[in-house]
Amino acid sequence: MKKILQDYSLQELKVHFEDLNIKMPRLRAEQVFKWGHEYARFSEMSNIPQELRTELADVYDDEPVKIIKEFISKDGTKKYLFSLADGNIIEGVLMKYKYGNTICVSTQVGCRMGCLFCATGLDGMVRNLTCGEILGQVLAVNRANGGSIASREVTNIVLMGCGEPLDNFDNVVKFAKIVSDNNGINISQRNISLSTCGIAPKIKELADLELGITLTISLHATTDQFRQKIMKIANAYSLAELFDAIYYYFSKTGRRIMFEYLLLDKNTTEHDARRIKSLCKGLSYHINLIPINNTPNTKIAPELKPANKAKAAEFWQALKDNNISATTRRTLGEDISGACGQLRRSKVDN
Ligand code: SAH
Ligand code: SF4
């Protein structure tokens, strides 16, 4: 198997190139690292001697994720199917906002967290993505949309596609570091949001790294009892343990915490609003209210009954009355199954 070019930091490439006895290893590594972030093929790396390009192409894979299909939604959202070297297929979504374009990338093939409301977990977990496979999604979509390093078409990243990022900790952390390297595509860590179902000890570990990324927590419930019904992870970590880790993250980074909160019939009472207030006391935070998107389980599980319009509006008002900053997220790309929780693993059978 070839090495994935985008798996490596600039420093690591320099060391490889020295080991390969390449002349001017530092310069060559810088050039190749840049080209890698342009998502260029070795054949396109015009300032690299032809012989060296051939040599490198034998060692490295320059295209760890290939766009095999693009779906364009009525609202301009684009969904991409990517194939990986081993035949697995993953998905990513590009959303257009006034302030820039946000890519939602996958971090695993499948997911083993098994949240009741989510399509990704239905098929279980197949494997982690490597750093280069996560980065490759960003770079492939930037290039496909006419972007480059100098003029980016992808400006923001959310780790909210298939998979649980904190269940693939090392690759995700490496990705956050390499994607923000100013020798490459240089997307600021402040423009990266990591969404987790709440693996408490990993949140603390992330806090200790003091990266600039935004932590987003999929909260979805204000009692352990209801959370356990819809999220298996709640059996491992109680809300008290989760919030202990969130406070730790906040104290280490000072960064505002984002929460995702599904608008369900059973979690949108005035009591829930008050419990959110007390759980989050002392944090700087914002609540994203998410209308639940259809997945196979949403039709059958009573816990997943959506809040109707009136109930959702009352809940929003209750949050406001408690001085809680909250917005309802626009659902983008639903017509192409690109909306939250609708991304599902597929595999090419050949
Ligand atoms: N594993 C991470 C990130 C991927 S899921 C996490 O769980 O946070 C991204 C977001 O989509 C999460 O907030 C998740 O709760 C939400 N989501 C999952 N299924 C959904 C559905 N059917 N409707 C709306 N949002 C959903
Ligand atoms: Fe995994 Fe997130 Fe889906 Fe839960 S919501 S199954 S953690 S991808």
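The values are calculated or read from the model by the stated rules, or taken from the named source; none is laboratory data. The model shown is predicted, which means the values in this text are computed figures rather than measured ones. Here the Cβ is made from the backbone with ideal geometry for all residues, glycine too, and neighbour counts use every protein chain on show. Just so you know, the surface numbers come from the protein's heavy atoms only, side chains and all, with ligands and any DNA or RNA stripped out. Shrake-Rupley method; radii C 1.70, N 1.55, O 1.52, S 1.80 Å.
The table for this structure:
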read-out	value
Cβ-derived FRET efficiency at R0 25 Å, Q228 paired with E205, nearest 0.05	0.60
Degrees separating the helix 270-279 axis from the principal Cα axis of the chain, which is the longest one	50
Highest-fluctuation residue, E63, E260, E55 considered, GNM on the chain with Cα pairs under 10 Å	E55
FRET efficiency, 1/(1 + (r/R0)^6) with R0 22 Å, evaluated for S43 and A144 via beta carbons	0.80
Among C280, C162, C131, residue whose mean-square fluctuation peaks in a GNM of the chain (springs only between Cα atoms under 10 Å)	C280
Hits among lysines - C-alpha to C-alpha of K177 under 20 Å, sequence gap 8 or more where chains match	K3, K14, K34, K202, K204, K252
Sequence ranges 86-94, 119-127, ranked by mean other-Cβ count within 10 angstrom, highest first	86-94, 119-127
Solvent-accessible area per residue, Å², over the chain with all protein chains present [probe radius 1.4 Å]	44
Share antiparallel - DSSP beta bridges, the chain, percent rounded to 5	50
Most mobile listed residue (Y39, Y97, Y285) in the chain, GNM with C-alpha springs under 10 Å	Y97
The stretch 3-61 shape via C-alpha gyration tensor axes, a/c threshold 1.5	rounded
Using alpha-carbon coordinates, inclination of helix 239-253 to the longest axis of the chain, degrees	50
For the chain, size of Cβ-based charge dipole, Lys and Arg +1, Asp and Glu -1, in debye	1040
Span from the the stretch 158-189 Cα centroid across to the the stretch 234-279 one, whole angstrom	24
Carbon + sulfur, % of accessible area of the chain - ligands and nucleic acids excluded, 1.4 Å	49
Integer Hz, Karplus 6.51/-1.76/1.60 couplings in order for the stretch 284-301, x for Gly and Pro	8, 7, 9, 10, 9, 8, 10, x, 6, 8, 5, 9, x, 6, 5, 7, 10, 8
